[in-house]
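Everything below concerns the one structure shown next.
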Amino acid sequence: MDDPKDRPSYVRWKDVEVEELSPLIGRQFVVGKDVMVARVLLKKGANVPLHHHHNEQITYILEGALEFLIAGERIVVRAGEVLCIPPNVPHEANALEDTVDVDIFNPPRQDWIDRDDAYLRRGTTAEKG
């Protein structure tokens, strides 16, 4: 029997439910065989607390701007810009304005799939990795 992830799939963001993680953060995601794509909606002032994960992350800002704190360095990423975060690198993000970003993870974030990501919900504690 073949794995559904071995077949092409087509998804429209408008058909993917927005998961409200907090009053300031919502997300949608699609999971492939080896990669996950997430659309993250952050209102101005939203904070993604300091955390790390074993997944490589590429963040592409569609609208707005995020200020990242990575290894003691502040990096502002604006619409049309991309940030690559290697695995296991602690990082934090703050929305400088209403922001829409696309996050790509390899491998997929199992904690997101399992909804075991308390660090992101309501701005609680950081994940272990």
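All of the numbers you see were taken from the coordinates with simple rules; none came from a lab. Quick caveat: nothing in here was measured; it's all calculated off a predicted structure. Because the Cβ atoms are built from the backbone with ideal geometry, glycine has one as well, and the counts that use them run over all protein chains shown.
Numbers at a glance
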| item | result |
| --- | --- |
| Segment 21-121 shape via C-alpha gyration tensor axes, a/c threshold 1.5 | rounded |
| Percentage relative contact order, the chain, counting C-alpha pairs under 8 Å, at least six apart | 30 |
| Relative packing of peptides 5-13, 60-68 - highest average C-beta neighbours within 10 Å first | 60-68, 5-13 |
| Net length gained if the chain between LEU69 and LYS43 were fully extended (0.36 nm per residue, minus Cα distance) | 7.6 nm |
| Under 9 Å, Cβ to Cβ, from ASP98 - net charge with Lys/Arg +1 and Asp/Glu -1 | 0 |
| In segment 40-129, the trypsin sites (Lys or Arg not before Pro) that fall in loop regions by DSSP, at most 15 other Cβ within 10 Å | LYS43, LYS44, ARG115, LYS128 |
